[in-house]
Amino acid sequence: MESEELIKKYDGQDKSHMPEFVVDEFTNAILSDFPVHCSYRTTSLEQPTFHSHNGFELYLCVQGNGNFIASEQIHALGMGTFTVVSPMALHLSRPDRSVPFHRYILAVQRSYLENLYVEDRASSFIIRQWLPEPDNDSIHFQLNGRQLLNLQDTLAQLEREINKKQPCYPLIVKSLILQLFAQLGRYQFETGEDQRGSYEQKRLVENILCYIMEHHHEPLSAETLCGQFHLSRSYLFRIFKQNTGVSINESLITIRINKAKDFLQGTELPITEVAATVGFQDLSHFCHTFKRLSGMTPSRYRSAHMLISPSILPLSSTI
């Protein structure tokens, strides 16, 4: 059965008498249709119960905060947190509903990853170190700004390939899965170098990031941020790059493009209005930047992501 049909089937069911935990048969069926499923979600809906499924779940928080509960562990959600949950482990996301919450959810069938071990022994260690141990149902990791942007890009490509199903897409998906784990393996070596700032600096940079997210649609400048946080220009640039791995301008552009994706997926606003709404004053610059970061033009992105309506998503994919 095709994934879209499974999603529609689930949407029509009565979910008013759900038990305290459920086996997510819908995700299981989707993974039976194709062993990798990736989706980008911006809705604030909460999963009403603990659930489990046959595949590994890789959960990247792009924006927002809250908690992610996996069996007996509670992980703090925040920008750049990355959580991996074992197959059939009970888990539940509890985002803060007072702020926007954006995330990527990647589900991968266990046997699919095991086959990658057999096919490429060099990949075995890299992949295994990013999967929970047998006595632990989850692992949790904090990415810096640059790592978050890179991982977002890989996941966006995965989602696009799986949704469009163009010729040879299974091979492209396989290469992207290997790329994702290779990126994660590299990030482990970078953690000590990229997250050296003091606790006070990290809190300050978090506040700066929150301010940029809230005011991304405005003509933000370094002078604006310096005045808002009473910092010198050189100190602002230094601590931001040291604690996130990216420049303020890179971060602002990425936030604007991600917001644009939300509008392209969820509204029928003309592209000129989308560009202006997220803070781009020049349409040509917006289109060029969007294509550079997402691999396609805004109009093509809208066409590709309007194929599946956000209102008919499976339960585990709305968290």
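The values are calculated or read from the model by the stated rules, or taken from the named source; none is laboratory data. Everything numeric here is computed off the predicted structure, so don't read it as measured data. Note: areas computed on protein heavy atoms with side chains; ligands, DNA, RNA excluded. Shrake-Rupley method; radii C 1.70, N 1.55, O 1.52, S 1.80 Å.
Observations, loosely collected:
- In the context of the full protein assembly, Met88 retains an accessible surface of approximately 90 Å², using a probe radius of 1.4 Å and ignoring ligands and nucleic acids.
- Listed values for the stretch 204-211 are Karplus-derived 3J(HN,Hα) couplings in whole Hz (6.51 cos²θ - 1.76 cosθ + 1.60, θ = phi - 60°), namely 5, 5, 4, 5, 5, 4, 4, 5, and x replaces Gly and Pro.
- Whether the stretch 61-158 is rounded, prolate or oblate, judged on the alpha carbon gyration tensor where a/c under 1.5 counts as rounded: oblate
- Solvent-accessible area per residue in the stretch 241-306 equals 46 Å², computed with a 1.4 angstrom probe and all protein chains kept.
- Protein-only accessible surface at a 1.4 angstrom probe places the residues Glu200, Glu250, Glu161, Glu218 in the order Glu200, Glu250, Glu218, Glu161, largest first.
- Accessible-area order (highest first, 1.4 angstrom probe) of the listed residues Tyr104, Tyr112: Tyr112, Tyr104
- Of all accessible heavy-atom area on the stretch 207-314, the percent that carbon and sulfur account for (1.4 Å): 56 percent
- In the assembled protein chains, Asp262 presents an accessible area of approximately 30 Å² (probe radius 1.4 Å).
- Solvent-accessible surface of protein heavy atoms, probed at 1.4 angstrom with all chains present, puts Cys61, Cys287 in the order Cys287, Cys61, largest first.
- Heavy atoms of the protein chains alone define the surface here; on that basis the stretch 92-152 has 50 Å² accessible area per residue at 1.4 Å probe size.
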